[in-house]
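The values are calculated or read from the model by the stated rules, or taken from the named source; none is laboratory data. As the structure is a prediction and not an experimental result, all values here were calculated from the model. Cβ placement follows ideal geometry from the backbone for every residue including glycine, while neighbour counts extend to all protein chains displayed. The accessibility values were calculated without ligands, DNA or RNA, using every heavy atom of the protein model including side chains. Shrake-Rupley method; radii C 1.70, N 1.55, O 1.52, S 1.80 Å.
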Amino acid sequence: MSLLGNILWLIFGGFLSGLGYLLGGLFLCLTIVGIPFGLQSMRLGVATFAPFGKEVVEVRQSGSFLRILFDVLWILLFGWEIAVLHLAHAAILAITIVGIPFAIQHVKLIPLSLLPFERELRARRR
Amino acid sequence: MTSAPAAFFARHAALAPTLLRAVVGFHLVYGTVDNVTSWHRMVEFADFLAAHGFPWPLAGAVVSAWSQFLCGLLFLAGLWVRPAAAVMIVNFLAALAIAHRGDPYPAMAPAFFMLLGSASLLFSGAGRWSLAWARYRRSSSSVPR
């Protein structure tokens, strides 16, 4: 079921979303000082390609000063814009009723887009 | 005559509300993002409110978590900062009066700082480096809120 969901997700916008994250990450890496943020953006891009069957969890080393500092910078510069986009997409998809499973995936990506140094997407345990 | 450091900091005084928005907005979003994206975590928050004698705990949890999350995003974006600050002042006054009543200072400190941070932003507004300032610069028709 997750595989089918991920295929439909990729066709209906997931591929473009993931590609946007990857290209943004690549651009940030080119600035050198933006490498930590670029790497997180690329990680988000990979996660965005296939969110079905995965859950958001806290990273093992969460709460360290450097991670919090990077998260504050990220959320101020890029995070809130990405989160608002995910929230808007989720609202639009939820209205269509058939898009509710995809809306749930967008909501799932919100914590990841706001706190990429503190959260990660992992395969759901059965 | 002002000294060079004092002149430097006075020249960049507009950074103050930006830094305050960053830390208050981050704290609000950090504390509520799991509640608004997971119903299980929202019910946990409602249970916390119920344990502290909050009336209508589930409705209170939904309203409080969503208002903190959205106001946090508005603080970070620097848009409608004063209305968002007013909402947060009401939210944290209620939190201190109901959920944190009788708590020792260390336990109520985060809510206390959010209350005072929001009050500061109510007076200062978004400042420069905000969406409100960008809109103001573009239109020059109204003072940014």
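Before moving on, here are some points about what is shown:
- Residue within region A:36-52 that is within 14 Å of chain B (Cβ to nearest Cβ) and open to solvent by 40 Å² or more (accessible area, probe 1.4 Å) present: no
- Qualifying residue in region A:65-82 (condition: of a type outside the set (Phe, Trp, Tyr), more than 14 Å from chain B (Cβ to nearest Cβ) and buried (at least 21 other Cβ atoms within 10 Å of the Cβ)): no
- Of the residues A:Leu44, A:Leu109, the single one that is more than 20 Å from B:Phe75 (Cβ to Cβ), part of a helix (DSSP H, G or I) and touching a His at 6+ places or on another chain (Cβ under 9 Å) is A:Leu109.
- Which listed residue is in contact (Cβ under 8 Å) with a residue 24 or more places away in the chain, surrounded by fewer than 21 Cβ atoms within 10 Å (Cβ to Cβ), assigned to a helix (DSSP H, G or I) and not hydrophobic (A, V, I, L, M, F, W, C), from B:Pro83, B:Pro106: B:Pro83
- Among residues of region A:83-99, those that are open to solvent by less than 70 Å² (accessible area, probe 1.4 Å) and part of a helix (DSSP H, G or I), counted: 9
- Single residue of region B:69-80 satisfying the filter (open to solvent by 20 Å² or more (accessible area, probe 1.4 Å) and part of a helix (DSSP H, G or I)) that is farthest from B:Ala119 (Cα to Cα): B:Leu70
- Summed over region B:1-22, residues that are part of a helix (DSSP H, G or I) and either more than 21 Å from the chain's Cα centre (by Cα) or buried (at least 16 other Cβ atoms within 10 Å of the Cβ) (or both) total 13.
- The residue that is nearest to the other protein chains (Cβ to nearest Cβ), counting only those in region B:23-52 that are crowded, with 18+ Cβ neighbours inside 10 Å and more than 22 Å from A:Glu55 (Cα to Cα), is B:Phe26.
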